[in-house]
1. Sort out which residues of the range 153-188 are free of Cβ contacts under 8 Å to residues at least 40 places away in the same chain and closer than 15 Å to Asp228 by Cα, and write them in order of number.
2. Could you tell me whether the range 9-29 includes any residue that is among the hydroxyl-bearing types (Ser, Thr, Tyr) and touching a strand residue (DSSP E or B) at 6+ places or on another chain (Cβ under 6 Å)?
3. Is it the case, given these coordinates, that Gln64 is touching a residue at least 24 places away in the same chain (Cβ under 8 Å) and of a type outside the set (Val, Ile, Thr)?
4. Return the total of residues in the range 137-186 being touching a Cys at 6+ places or on another chain (Cβ under 7 Å) and either among the charged types (D, E, K, R) or on the phi > 0 side of the Ramachandran plot (or both).
5. Identify all residues within the range 5-44 that are of a type outside the set (D, E, K, R), surrounded by 16 or more Cβ atoms within 10 Å (Cβ to Cβ) and outside any loop (DSSP other than H, G, I, E, B); write none if there are none.
6. Look through the range 132-144, keep the residues that are touching a strand residue (DSSP E or B) at 6+ places or on another chain (Cβ under 6 Å) and either of a type in the set (Lys, Arg) or modelled with pLDDT of 95 or more (or both), and return whichever of them is surrounded by the fewest Cβ atoms within 10 Å (Cβ to Cβ).
7. Within the range 216-255, which residues are in a loop (DSSP other than H, G, I, E, B), closer than 18 Å to Lys173 by Cβ, touching a Gly at 6+ places or on another chain (Cβ under 8 Å) and among the hydrophobic types (A, V, I, L, M, F, W, C)?
8. Among the numbered criteria (1) farther than 24 Å from Leu178 by Cβ; (2) in contact with a strand residue (DSSP E or B) (Cβ under 9 Å, 6 or more places away or on another chain); (3) modelled with pLDDT under 95; (4) part of a loop (DSSP other than H, G, I, E, B), which single criterion is violated by Gln64?
Amino acid sequence: DENPDPPENMIFVEGGIFQMGDRIGNGGTEELPLHQVTLDDFFIGKYEVTQFEYESVTGENPPQEYENEYGELYPVGDDYPVFFVTWYDAIEFCNLLSVQEGLNPCYNVSSGECDFSANGYRLATEAEWEYAARGGIYEADNYQCSGTTDNLIDYAWFSENNNPLHTKPVGQKLPNQLGIFDMSGNAYEWCNDWFGNYSSEDQTNPVGPDNGSQKVRRGGGWSSSYSDCRVAHRYEGNPDYGNSGITIRLVRNVE
């Protein structure tokens, strides 16, 4: 069977089974236990959501409101990822874009609940994010970062190659095996899940804990160390708080 055609600027990710978590033994305890996850097919954004895309949908571009410690505006431009977006900003953007394109919104914005059966845009589950970052069905090479282990400077903006320290336009580095850009470095990406401990049990299409106080952020950012750019690395964030290193990447179901 032929793979379905993805929406514009999205990548088809063929579902499969993978081992989620720290396989190498160089992460924190929050990355364990290693556990088997089965996922259905999905589409994921080829790039992080840009400021142009965000402003086109919402009428606002949050980075323009902020200055760094030198009194300079954080980088503003059509091709830069949007940042200073909270988790709630992210799901509101997903709904607005869905409505704009005639799709069914996934979120109840007031409660944050996601209808995973809707055909609109949403954030990746933590499992979907890690699976796509690892390369999906092509992840047998077991890279530590998205697309690579040894030459991260070719694949990511992070602390070792990013001067001055701020986000860079999307898609300037090499993509991973699936053709997805910037999943390591540049900016952390909000995931749908509440942050919680892993279970050792096999799971199918997991969506994380039912509740919590922190949401999952993945991928590392422009000031991150190599370790924080690893595909198994997990980071928690207050859903009411955005900063210069957090952005959005979109996901849609395959109908």
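1. Ile153, Tyr155, Asn161
2. No - not one qualifying residue is present in the range 9-29.
3. No; evaluated as a whole, the condition is false for this residue.
4. 1
5. Residues satisfying the conditions are Met10, Ile11, Phe12, Val13, Phe18, Met20, His35, Val37, Leu39, Phe42, Phe43, Ile44.
6. Within the range 132-144, the match that is surrounded by the fewest Cβ atoms within 10 Å (Cβ to Cβ) is Gln144.
7. Within the range 216-255, just Trp222 meets the criteria.
8. Just one mismatch for Gln64, condition (4).
The values are calculated or read from the model by the stated rules, or taken from the named source; none is laboratory data. Everything numeric in this text was worked out from a predicted model, so none of it was measured. Positions of Cβ are backbone-derived with ideal geometry, glycine not excepted, and every protein chain shown enters the neighbour counts. Side chains are part of the model used for accessible areas, which takes the heavy atoms of the whole protein and leaves out ligands, DNA and RNA. Shrake-Rupley method; radii C 1.70, N 1.55, O 1.52, S 1.80 Å.
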